[in-house]
Amino acid sequence: MIASGLTLTGACGGPAAPSPDALPPAAVPATTLPTLAPPTSTPPSSAPSTATPSPSAPPTSPPPDAADAVLRLESSGPAVQELQQRLSDLGYWLGKIDGHYGQLTRQAVMAFQKAKGLDRDGVAGPDTRKELPTASRPTPRIAEGDHIEVDLKRQLLMVVRGGQVLWTLNTSTGNGEAYDRPSGGTGVARTPRGDFEIERQINGVREAELGVLYRPKYFHGGIAVHGSGSIPAHPASHGCVRVTNAAMDLLWASDVARVGTEVHVY
């Protein structure tokens, strides 16, 4: 349905067919917003062990969850759970903390890599993991009020509440390339910069001229924040702001992106 009762035209979209970055559907997240605490530079440390190792004990190899281990899609175990907890503490939303390196964890790692200027491969290798202990929550450009910020350079979407970043999401925006419209004519895949607000929304799937938009929230004509099955590390849309379908469910369920919410794109 169209919440505003308006007819939508010129909407962009992601690919209708599955892609290598295809993301599975996820359950609708809880609606309770987490309480923002003052950011910390390091995670809590546990008390040191008082046990004295036996001098005759044979040497042991480093545990698989050592800081230099490489964690990637389908990894699992305590190291993954620790990674998820740290990312979540820093505001990189990844759904459930369950010790399994799924697609949403990969998206959160990619967002963290973008924020820190690292290689955007979605793999938590040594370079990524060594940044986590001293990292802090991202800082919004506008440090007041409730709004959404889209950082085109870093390809990040930030949900800001009370001047602090509540959640940071991986996003993919317009790639700046010219394209042919199926109905005729051409266009340029550009996400507009500026100050906008969410004007209307569709609580469902819209099959637009240029692709499929999941639960879109429009902030500039046919340009919307919407869910997609493909959120790569680089700009790839026709101009819209893509997030995962699960992240789009989060924006709807938490009501942080209602009609009238300011959207700042820079």
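The values are calculated or read from the model by the stated rules, or taken from the named source; none is laboratory data. Because the structure is a prediction, the values reported are computed rather than measured. Backbone-built Cβ (ideal geometry, glycine too); neighbour counts: all protein chains shown. For the accessible areas, the whole protein counts, side chains as well, though only heavy atoms, and no ligand, DNA or RNA atoms are used. Shrake-Rupley method; radii C 1.70, N 1.55, O 1.52, S 1.80 Å.
Tabulated data for the structure shown
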{"item": "Dipole of segment 62-215 [Lys/Arg +1, Asp/Glu -1 at C-beta], most positive-end residue of HIS100, GLN113, LEU71", "result": "GLN113"}
{"item": "Sequence-separation-based contact order of segment 93-140, relative, with Cα cut under 8 Å and 6+ spacing, percent", "result": "25 percent"}
{"item": "Mean separation of Cα contacts under 8 Å (6+ apart) over length of segment 119-266, as relative contact order %", "result": "26 percent"}
{"item": "Solvent exposure ordering (accessible area, 1.4 Å, most first) of HIS220, HIS264", "result": "HIS220, HIS264"}
{"item": "Under 5 Å, built H, 5+ apart or other chain: amide partners of TYR92", "result": "THR168"}
{"item": "In sequence order, calculated HN-Hα J values of segment 134-151 (Karplus, 6.51, -1.76, 1.60; Hz; x Gly/Pro)", "result": "9, 6, 10, 4, x, 9, x, 5, 10, 8, 7, x, 10, 6, 10, 10, 10, 8"}
{"item": "Student exercise, segment 99-147 dipole from Lys, Arg, Asp, Glu Cβ charges, in Debye to nearest 20", "result": "80 debye"}
{"item": "Local net charge near GLN113, Cβ-Cβ under 12 Å (Lys/Arg +1, Asp/Glu -1)", "result": "+2"}
{"item": "Label-point gap, in nm, between VAL259 and GLU177 - each point 7 angstrom along Cα→Cβ", "result": "3.6 nm"}
{"item": "Size of electric dipole in segment 146-247: Cβ of Lys, Arg +1 and of Asp, Glu -1, about Cα centre, debye, nearest 20", "result": "140 debye"}
{"item": "Rounded to whole Hz, the Karplus (6.51, -1.76, 1.60) HN-Hα couplings of segment 223-239, x for glycine and proline", "result": "8, 9, 8, 8, x, 8, x, 9, 10, x, 7, 10, x, 8, 8, 8, x"}
{"item": "Residues in segment 92-122 that a label on LEU36 would reach, taking backbone N under 14 Å of a point 7 Å out along Cα→Cβ", "result": "92"}
{"item": "Surface/4 estimate of mean projected area, convex hull on alpha-carbon atoms of segment 99-155, nm²", "result": "4.9 nm²"}
{"item": "D (Stokes-Einstein, µm²/s), Kirkwood Cα radius, segment 111-266, 0.692 mPa s at 37 °C", "result": "205 µm²/s"}
{"item": "Potential lengthening between ARG86 and GLU144 on full extension [0.36 nm per residue; Cα-Cα distance subtracted]", "result": "18.4 nm"}
{"item": "P(r) histogram, all alpha-carbon pairs of segment 133-211 included - 5 Å bins from 0, percent", "result": "3, 11, 16, 19, 20, 13, 9, 5, 3, 0, 0"}
